[in-house]
Amino acid sequence: MALVAALEADLRALSAEARRRYPAVKDGAEHAILKLRSSSSASDLSSNDDILRIFLMACGVRNTKLSVIGLSCLQKLISHDAVEPSSLKEILATLKDDNMVLALSICLRLLDNNRLPSVYNTAAATFRQAVALVFDQVVSAESLPMPKFSSSSQTARTGSVTGDLSQNINNSGPLEKDVISGRLTMRDTLSETGKLGLRLLEDLTASAAGGSAAWLHVTSLPRTFSLELIEFVLSNYISVFKILLPYEQVLRHQICSLLMTSLRTSSELEGEMVEPYIRRLVLRSVAHIIRLYSSSLITECEVFLSMLVKATFLDLPLWHRILVLEILRGFCVEARTLQILFQNFDMHPKNTNVVESMVKALARVVSSIQFQETSEESLAAVAGMFSSKAKGIEWILDNDASSAAVLVASEAHAITLAIEGLLGVVFTVATLTDEAVDTGELESPRYELHPSSDNCTGKTSRLCISMIESLWLTILDAFSLILSRSQGEAIVLEILKGYQAFTQACGVLHAVEPLNSFLASLCKFTIVLPTDAERKSSIVQSPVSKRSEVQVEQKDVIVLTPKNVQALRTLFNIAHRLHNVLGASWVLVLETLAALDRAIHSPHATTQEVATAVPKLTREPSRQYADFSILSSLNSQLFESSALMHVSAVKSLLSALYMLSHQSMTETSDSVSSASRVEPLWDQVVSHFLELAVHSNPNLRTMALDALDQSICAVLGSEQFGEDPPRSRDTTLDVEPKSTELKSVECVVLSSLRGLYFSAQKADVRVGSLKILLRVLERCGEKLYYSWPGILEMLRSVADASEKDVATLGFQSLRVIMSDGLPTLPEDCLHVCIDVTGAYSAQKTDLNISLTAIGLLWTLTDFIAKGLHHGCQVEKGSGFSNVDTSPQQTNGEGVEEHVVSNSNKPDFEARIQIVNHEKLLFLVFSLIQKLVDDDRPEVRNSAVRTFFQILGSHGNKLSKSMWEDCLWNYIFPMLDSASHKAATSSKDEWQGKEIGTRGGKAVHMLIHHSRNTAQKQWDETFVLVLGGIARLFRSYFPLLESLPNFWSGWESLLAFVKNSIFNGSKEVSLAAINCLQTAVVSHCVKGNLQLRYLNSVMDVYELVFQKSSSYTGDTATKVKQEILHGLGELYVQSLKMFDDKMYMQLLGIVDLAIKQAIIGSENFETEFGHVPPVLRHVLEILPSLGPPDHLSSLWLILLREFLDYLPRIDSALPNEEGSEVSEHKADVLSDKTIPTTRITSNMFAEKLIPALVELLLQAPAVEKYILFPEIIQNLRRCMMTRRDNPDGSLWKVAAEGFNRLLVEDVKICSAGGDTDLKVNKTARMRIWKEIGDVYEIFLVGYCGRALSSNSLPAAALKANETLEMALLDGLGDVILKSTVDAPREVLERLVLTLDRCASRTCSLPIETVELMPAHCSRFSLTCLQKLFSLSSFETENWHSTRAEVSRISITTLMERCEFILSRFLIDENNLGKRPIPTARLEEIIFTLQELDRLTIHPETASVLQLRPSLKNILQEDNRDSRAHLLVLFPSLCEIVLSREMPVRELVQVLLRAVAGELGLKKVSIFS
């Protein structure tokens, strides 16, 4: 606890001081320290008498230091409530005998007799605290309001007068308001405590007057000390003097008398040095009385105020006058104090006008500056003080005023206080006026509808009026003086704030004369107005107009100082706030704004900051332009706020503007902001704009057009136009008065714009009017309704304009309508809108406009199509004109029919009509049809695209009758026109646009070769028409097919297509084919296409190939390719619709294509190295040409037809030199046989074989089995070409196809086969015979041999070897190991084929083995390995066929092994010491290794050439799995002596295996 620690420190000091002379005090202090340590709170201290007693003992000792310590500790105990109330008497009795008086007298004696500062200060503090305690007890005993009131003058000052004012207002508490208002009643009876405080107050007053304090028994006190205590009591215990009459009497008769005497006297009571402080105390006490008690002390306060005012101009010391000015300034910045003073004195007829006197005194101080010798220095000092205060630094007066600098500063301080006082008065008036507005006594000028000067009937408002009337002239003189002489930013801002606050208050209170006077004074400080001569010379000058240098030099530079800028901002603020009450004062404001506008746009205007550093004509960016920009923005905002003005105020503004319109042009459009204001104002506004719009000066025309623009937009953008007007498509058609008013306003506003356009002679005026229309549509287009006919008429006339700018602006307006305005456009204006859009599409001024306008037609039809829902299933003539679509359709809420009676539309009879959407749509189509014949290809092509996009998007909404009209009136005529123009247009090449010259010759822009003639460009249009028809067929062919006369139209289209194919360009031909193709392909898959359409397309395709003799060239080739591709797609999609006749027609077309391609391109493959394009397309569609299930018998025809295109034995094959070699000529072929003698290359056959194999694999089982031998024969013939052309690819492709055919479809040859197949044994024998022939001829004759070659690369050789190995794998691993039904003789033949291939290495003489290529040796070993594999026993895949093959192959294998072993032994003996060839050595090692690994089935072992007894032994012991080793045992015994180590080791292993099979294992002699 802090108190305990402090007391312990004091006790230790007391013990140390009393150690020698006062041992009793020392012992008591030490004892108290011990007691103190056991205490932890104030209550513990109050219950301990020992602690209190030692302090009383110290006070009773005649020692100054001990007394001071004792008093200090007693004060601490009392202030912390650490003393029991019962001990108070003991304390007082110890100190003195008479309780309170004795205690106070002790402090006063110490205060009077002790000169030590510490004792003096301690006694003074104790006495002050005692006085405060006494009056606190008085407040408590008398039950007075408890809150104390601190002096307002003691409140910390802020950086501005407005801050001080608001702070003082916030410090006004509820009790103070009660006291001021007199709600608390006074009483004259006092309690004992009250009487005690009264006697104390009387003694303090007497001692302050220089007398003795009778009750306190003190003869004299320091006068300053008494005055301080009196000031303290006056400022903090207001309720005591307000409620208790005895105290009020003491205040009135004693204290006021004392203060008056102190103010009058000039003698010094206590020396020269104390005089300023005494004066300060006296003035502060006087200020408290005036501030807090003026309501009850009227006379006294009036005297005080008169004395203070008089002191301001008496010849008193400067410090004295500054003190008085501080007091007066405090009254002025306290709104409540000033209000009470003015009410009690100035507004009371019997009292003096003290507030007026104060204001005049302050103004007199301010005006005195102009008579001082050091006025400039003082003004600078005043500005510096305001600047310091703005930064939060307060200037403090120094008492030493001897130096000149301090004297100037003091004078400046006095002037500063006077200025702040005047500002306080101004802000007080403004604050009270705002309170009157808040409480409802006054109406705000911003929202006032009926301004009047007779509505100031409230108490506060009457007070404000009285203050303004008595003070405004004095304040204005002072403010204008300071503002004219000062340049500091802070002081200028404060004065201008005062201007603004006072002017606004005058405006709210309708004080006209003060308002105008302050405005006139303010305008003088805004900008220097030019002379009349200058004004006349500059009225029509543009900011950017050219002037001569002489004129520039003669022209004065306009410099805007910071004071001017701030004054202008103040003027803007005032105009914003008081726009409804300015009235005739607008002229003054607008004259100033006109001068500002000229300054802003003047090339000679600058601001003071850059005036000295930048040349006067320099226009580099700087701070001045930021100021100008801000001022210009404020200027615009002022006129924008006119939308909130009352009509009468707007008229005043317009009148002022009209007066100034010949001097400058200002913004007036925002004054007209609602429909109710347009009627009385529009003619006045617009007539002047229209007059200036045709002025000869272009700058005035521009400004007038801008003003007209903003005026129209302001009217149409008002809230009255925010609601949707009645539409023809709405259910409510009654015309209300409001609608009538809106109609009138809308027509009046926009008629001026229309009239301006048609009457204007100058192009810039027409452009300006169109810009206005564009902005109106962008901002307010959705609000328009009645003026659409006039707008569309205006835009229609613009479409024919020759000026590009005019047409562009008109079209931009149309785009806005199409983008955002269609939902609000009256339906009876839609046909006009279509016509306007068509006019822009057809205009020749700007190509981009035409193209974009065509796109807008599509947008328009999207909107129109919303009304076609009713008509999609209704025939023509069924009453479309009586049906309309409600706007709810777009939201999916269904369709409603509105039957409009004539009685519901009296004023809309001519306009509200149910629109026929079909007619609107056909109106659009008619416009597009005209555009299709346009000379500009971009326009007509865009029109074609748009037309078909419209039909494609909304065709489902058209009825059949509408579709008939579209077909016969638009689609087919469009097709006929495009076809005719494409056929008859010029083929002469065009030259591009001339873009310059080079070397004296014209240089033209390059045009692409595909569009450098008129015919090519019309071809492009024709292609677009055909493409559009194709898209329609894709989407709506079933609907079109159901039309009555569609077949005749289809025949017409076929005629167009045929003509286009044979006579048109390549692009047209392809587009024609695509048109037909799309129609049938898109719908045949759905099964909703009639067969005749499919037949007609097939007939057209067949006709193209039948006329091949007369139809040749690159275009014909491309067309044939497209037809073949289309045939394939058509067949795939319409597979189920084909019958045998159609299929044969399809094959006939393909056959014709192949024949013509082969005949017409004999050298194509040789020249280009690939298959001709037509044949390539045949190969692409061939895999998809398989007959459907219901035409399975046609598989034979399909495959046999394509088999005829494969080479035959008698076909011409190229030899090594590439020339044709033909053994004999082929027989004469029939018409249905392909002329193979004309095939000069095998490339087509190479591509055809994989396709045929794929088809055969897809064929049904019966047909496939029938065709199998023929396929095998043809493949064999192709594989045999390896002999004469080993480097070719035909044999490889055939071999791969043969292998795949057998491997992937082995079930054809499997035992059992398909249960549906009824094939006799002879047929199967034929199949297997063909298979055997292929393997025997190709493997034995062409594989594994060193054939002649043109040095194939290693990769090609490797690929050939891989192919050979694949054939071996297919034979050995698939066919011979599967459950095939091949006869035994075929199986033996196949195994023998493998054996013959395996004998290649061992059959060759030893001399030629080394010459054999490596791949031949590998082929031989692979065949040998297949024999071992076929002979071995495999548990997973063992069946009867497998067992049969194993029995056949084991015999062959043993013979082959016997031959290899014996041949190796012979060759080794013949070679002697020469090494065995590698191939022979690898063969013998491979054979021995395979023999060691080979295990055979018992059935296989039964066919081996072994003795029956040996067979029986092996079978009984189940050791016959390696019986083959016993067959070769003699040969193994002979070769065991070979000199080749690997051979000997392998033979030894085999011999041990034989011994194991015979049970002849080695036995130990010890076993």
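Below are the figures for this structure:
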item: Heavy atoms of Lys930 accessible to a 1.4 Å probe, total area in Å² rounded to 10; result: 150
item: Sequence of Thr808, Thr1362 when ordered by accessible area, the most exposed leading, probe 1.4 angstrom; result: Thr1362, Thr808
item: Heavy-atom accessible area order for Lys389, Lys1058, largest first, 1.4 Å probe; result: Lys1058, Lys389
item: Carbon and sulfur %, accessible surface of region 1005-1108 computed with the full protein complex present, 1.4 Å; result: 53
item: Nearest-10 value in Å² for the accessible area of Trp968, using the 1.4 Å probe; result: 100
item: Amide hydrogen neighbours beyond the local backbone of Val1380, cut-off 5 Å, H modeled; result: Ala1311
item: Solvent-accessible surface (1.4 angstrom probe) belonging to Phe1046, in square angstrom, nearest 10; result: 0
item: Residue-wise HN-Hα coupling along region 1203-1208, computed from phi with Karplus coefficients 6.51, -1.76, 1.60 (Hz; x: Gly, Pro); result: 5, 5, 8, 7, x, 9
item: Alpha-carbon centroids, region 12-41 and region 333-395: separation in whole Å; result: 61
item: Inter-centroid distance (Cα atoms) of region 1390-1449 relative to region 281-298, Å; result: 140
item: Protection proxy ranking, peptides 35-48, 220-233, average beta carbon neighbours within 10 Å, highest first; result: 220-233, 35-48
item: Long-range amide H partners of Leu244 with built H, under 5 Å; result: Arg187
item: Residue-by-residue Karplus 3J(HN,Hα) for region 326-340, coefficients 6.51, -1.76, 1.60, Hz, glycine and proline x; result: 4, 5, 5, 4, x, 5, 6, 8, 9, 4, 5, 5, 5, 4, 5
item: Order of exposure, largest accessible area first, which applies to Met974, Met1243 with probe 1.4 Å; result: Met1243, Met974
item: Shape of region 1-47, Cα gyration tensor, a/c cut at 1.5; result: prolate
item: Charge tally in the Cβ shell below 13 Å around Ala1443, where Lys, Arg are +1 and Asp, Glu are -1, Ala1443 excluded; result: +1
item: Difference of contour (0.36 nm per residue) and Cα-Cα distance, Glu778 to Ser367; result: 142.0 nm
item: Cross-link pairs Lys919/Lys960; Lys844/Lys981; Lys1329/Lys1358; Lys771/Lys804 - those with Cα-Cα distance over 23 Å; result: Lys1329/Lys1358
item: Burial order of peptide ranges 251-264, 421-434 (average beta-carbon count within 10 Å, highest first); result: 421-434, 251-264
item: Amide hydrogen neighbours beyond the local backbone of Val218, cut-off 5 Å, H modeled; result: Ala213
item: Under the Karplus curve 6.51 cos²θ - 1.76 cosθ + 1.60, θ = phi - 60°, whole-Hz ³J(HN,Hα) for region 495-509, x wherever Gly or Pro sits; result: 5, 5, 4, x, 3, 5, 5, 5, 5, 5, 4, 4, x, 5, 8
item: Per-pair calculated FRET efficiency, R0 = 56 Å: Leu822 and Asp438 via Cβ, rounded to 0.05; result: 0.65
item: Environment charge of Arg264, counting only residues whose C-beta is closer than 13 Å and scoring Lys/Arg +1, Asp/Glu -1; result: +2
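The values are calculated or read from the model by the stated rules, or taken from the named source; none is laboratory data. Computed from a prediction, not measured in an experiment: that's the story for all the values here. No Cβ is skipped: glycine too gets one built from the backbone with ideal geometry, and neighbour counts run over all protein chains shown. For accessibility, only protein heavy atoms count, side chains too; no ligands or nucleic acids. Shrake-Rupley method; radii C 1.70, N 1.55, O 1.52, S 1.80 Å.
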